[in-house]
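Data first, discussion second: the structure below is written as structure tokens.
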Amino acid sequence: MTIIEHDFGKNNRDTVRRFTKLITLEAQHEAKVLANPIPYLERATERLSQLEMALLDAARALDPQPGEQPAPPQMVEIDKAEYERLLRCKEKLKQAVEKL
């Protein structure tokens, strides 16, 4: 006797549920996503491009702009932990931009 495995569309439903969660839609939209995914994919693509632009803008802010005059050094006091967080953020931004 052999067992025939069938998921009755469970994998598709799980994929749609995960997708709707990722693009922050409510559960009521799952059936609409399954029926017509194109508008939702376009929305997700637009959101990804917005995030990519924000990432690139943040990375550009790290470096001096062309033609920008270097400012004279000034003493600024910040907490060492905050400075280390800023350095980690700077490194993460550079790594993320390199992956693009």
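The values are calculated or read from the model by the stated rules, or taken from the named source; none is laboratory data. If you're wondering where the values come from, they're calculated on a predicted model, not measured in any experiment. Cβ coordinates were reconstructed from backbone atoms using ideal geometry, including for glycine residues, and neighbour counts include every protein chain displayed. SASA here: full protein model, heavy atoms, side chains in, ligands and nucleic acids out. Shrake-Rupley method; radii C 1.70, N 1.55, O 1.52, S 1.80 Å.
Excluding ligands, DNA and RNA, the accessible surface per residue across the range 2-100 is 92 Å² with a 1.4 Å probe.
Total lysine pairs in the chain at Cα distances under 25 Å, for residues eight or more apart or on different chains: 8. As a length-normalised measure over Cα pairs under 8 Å and 6 or more apart, the relative contact order of the chain settles at 23 percent.
Heavy-atom surface analysis with a 1.4 Å probe gives the chain a carbon and sulfur content of 57 percent of its accessible area. Legend: calculated FRET efficiency, A31 to A96, from the Cβ-Cβ distance at R0 = 22 Å, rounded to 0.05, equals 0.05.
Taking R0 as 41 Å, what FRET efficiency do you get between R18 and E77 from their Cβ-Cβ distance, rounded to the nearest 0.05? Plugging the Cβ-Cβ distance into 1/(1 + (r/R0)^6) gives 0.35. Of the chymotrypsin sites (Phe, Trp or Tyr not before Pro) found in the chain, those that fall in a DSSP loop while having at most 12 other beta-carbon atoms within 10 Å are F8. The residues packed around M53, meaning those with a beta-carbon under 13 Å from its beta-carbon, carry a net charge of -1 if Lys and Arg are +1 and Asp and Glu are -1. When the Gaussian network model of the chain links Cα atoms closer than 10 Å, the mean-square fluctuations of L41, L87, L56 top out at L87. Here the gap between A59 and E46, fully extended at 0.36 nm per residue and compared with their Cα-Cα distance, gives a gain of 2.7 nm. Computed from the Cβ-Cβ distance with R0 of 35 Å, the FRET efficiency linking E5 to I38 stands at 0.70.
Given DSSP loops and a limit of at most 12 other Cβ atoms within 10 Å, what is the longest stretch of the chain that contains no such GluC sites (Glu not before Pro)? Result, exposed sites excluded: 27-67.
In the elastic network of the chain, a GNM with C-alpha springs shorter than 10 Å, the most mobile of A81, A44, A59 is A81.
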